[in-house]
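Written out below as structure tokens is the structure these notes cover.
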Amino acid sequence: MNTSLEVEYWVIDRDGDLTSPGDLTDVSERTVEEFVEPVVELKTPPCESIEELRRRFLEELDDVLSRADEVDKRLAPLGTPINCDGITRRPGERGRIQKQVVGSDFDCAKHCAGTHVHVEKRNVTDQLNTLIALDPALALVNSSPYVQGNRVANGARAYWYRKEGYRRYPKHGQLWAYVENVGEWHRRLEHRFEEFKTAATEAGVDEAAIEEHFSPDDVVWTPIRLRDSMPTVEWRSPDAALPSQLLRLTRELRAVMEQLHHTNVQIENRTGDAPGHVSSEGISLPEFDVTCDLAEAAIHAGLENDRVAAYLDRMGFSVGDYHPITTRIDGRQYVTRSDARDLRLEYASALEADVDALLGAIEP
């Protein structure tokens, strides 16, 4: 099953200050600018095996790190920059329209760097529903509890993005309920597009501009997206994190995605102390309300919530092998900009060491 990764990293200078990618985006066509200045995104092509995905991601990342070293820049694997000066959004008509519609809440997204996992479309309804149920797995790689120095949640990026960035348009940025078929998902997209178009028109945006820059396929920023243009099912919930963490998460997520093609997937109609499981007998998904509760706990408390940890273990993740960055840097109610610079530098070093160790373990 073809799988690909997109990971956003903060670009910093030798002092730990945020800076633009500059020449880093010249490394390859798969290293691109994001909609805010100090973020670079690395993309892999669709890969048939997890081994190929691992190799392609690490080679791309190593090339970017080499170029970064040449120009006195580094990459920080954090879900938010922790605390920093103002972040500049790149100019563009699409972003301008979004800001006009969403208002100041749209600026919340400027503080977020995440990971997107794409899996090849197969049994799409089961894939969508299973990814919804697996949303609490974001806790495995939470990498910052801070936004602008303030402690927000164990997973500050997910909280800031979902609860603050889209509080006026929750159906455009929060977790959707399970679906009975793919047609239902597409109808929801059409409804969200019409809602956005109405709001944009009321905000004074020309209808032709809306139609030019938005479509039902790209009008929402929900944690799970159906990408007809790629074509994939995309999971957008995890933070940016260390490559070893993201590759482990992708491998275990992919294993569940592979298994659902060979077993029955059912949604439970009960509540209990041990909802959901992935086993050789089948895949059982919790009721949606239970999934939402678990996702909220994953954002607010992460793996420190015993119910979240136990759930992810039942769903096929080796929870004990994950050591989220958040748990290492948490503990303060406020982080100064100076300390945030130090943390960005510390985890830039951790990223470089992680890549070296992973590349060293690949057989020639």
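Given R₀ = 30 Å, FRET efficiency for Thr263-Arg187 by Cβ-Cβ distance, to 0.05? The value I calculate is 0.60.
Among the listed pairs Lys121/Lys171; Lys99/Lys163; Lys73/Lys163, those whose Cα-Cα separation exceeds 21 Å are Lys121/Lys171; Lys73/Lys163. Of the trypsin sites (Lys or Arg not before Pro) found in the stretch 138-182, those that fall in a DSSP loop while having at most 16 other beta-carbon atoms within 10 Å are Arg167, Arg168. Counting alpha carbon pairs within less than 8 Å and at least 6 residues apart, what relative contact order, in whole percent, applies to the stretch 3-361? Contact order relative to length: 23 percent. If R0 is taken as 45 Å, the Cβ-Cβ distance between Arg251 and Ser104 corresponds to a FRET efficiency of 0.70. Given a Förster distance of 41 angstrom, what is the FRET efficiency for Asp321 paired with Glu211, based on the Cβ-Cβ distance and rounded to 0.05? According to the calculation, E is roughly 0.30.
Count Lys and Arg as plus one, Asp and Glu as minus one, and take only other residues whose Cβ is under 12 Å from that of Val308; the net charge is then -4. Dipole orientation for the stretch 3-361: of the candidates Ile82, Ser104, Ser49, Ser104 has the Cα lying most toward the positive pole (charges on Cβ; Lys, Arg +1; Asp, Glu -1). Here the label points at Ser229 and Asn123, each 7 Å from Cα along the C-beta direction, are separated by 3.0 nm in the simple model. Scalar couplings 3J(HN,Hα) for the stretch 129-142, obtained by applying the Karplus form with A = 6.51, B = -1.76, C = 1.60 to θ = phi - 60°, are 5, 5, 5, 4, 5, 8, 3, x, 5, 4, 4, 5, 10, 3 Hz; x denotes Gly and Pro. Distant-in-sequence amide contacts of Gly114, defined by a placed amide H-H separation under 5 Å and a gap of 5 or more residues or a different chain, comprise Glu8, Ala240.
Around the amide H of Thr19, modelled in the peptide plane, lie the amide H atoms of Val11, Ile12, Asp13, all under 5 Å away and 5 or more residues distant in sequence or on another chain. Considering only the other residues whose Cβ falls under 15 Å of the Cβ of Ser279, what net charge follows from Lys and Arg at +1 and Asp and Glu at -1? Within the 15 Å Cβ shell, the charges total -4. Listed from fewest to most Cβ neighbours within 10 Å, the set Val319, Val64 follows the order Val319, Val64. Mean silhouette area of the stretch 216-364, derived from the convex hull of its C-alpha atoms and averaged over all directions, reads 12.7 nm². If you take all other residues with their beta carbon under 9 Å from the beta carbon of Val11, and give Lys and Arg +1 and Asp and Glu -1, the sum is 0.
Over the chain, the ratio between the Cα radius of gyration and 2.2 N^0.38 Å evaluates to 0.95. Modelled label positions at Arg14 and Ile87, each set 7 Å beyond Cα in the direction of Cβ, lie 2.6 nm from each other. Ranked by how many other Cβ atoms sit within 10 Å of their own Cβ, fewest first, the residues Trp185, Trp160, Trp10 fall in the order Trp185, Trp160, Trp10.
Spacing of the modelled spin labels on Ser349 and Glu180, each 7 Å from Cα toward Cβ, amounts to 5.8 nm.
Rounded to the nearest whole Hz, the Karplus-based 3J(HN,Hα) values (6.51 cos²θ - 1.76 cosθ + 1.60, θ = phi - 60°) of the stretch 168-175 follow the sequence 7, 10, x, 6, 8, x, 10, 5, with x at glycine and proline. Rounded to the nearest 20 debye, the dipole magnitude of the chain is 780 debye, with +1 charges on Lys and Arg beta carbons, -1 on Asp and Glu beta carbons, and the Cα centre as origin. Separation of the stretch 180-224 and the stretch 52-99, taken as the distance between their Cα centroids, equals 27 angstrom. With θ taken as phi - 60° and the Karplus curve 6.51 cos²θ - 1.76 cosθ + 1.60 applied, the whole-hertz 3J(HN,Hα) list for the stretch 66-73 is 5, 5, 4, 4, 5, 10, 6, 10 Hz, x standing for glycine and proline. A Cα-only calculation for the stretch 64-214 places Rg and Dmax at 17.9, 52 Å.
Readers should treat all values here as calculations from the given coordinates under stated rules, not as data from a laboratory. Quantities reported herein were computed from a predicted structural model and do not represent experimental measurements. Don't worry about glycine lacking a Cβ; one is built from the backbone with ideal geometry, like all the others, and counts go over all protein chains shown.
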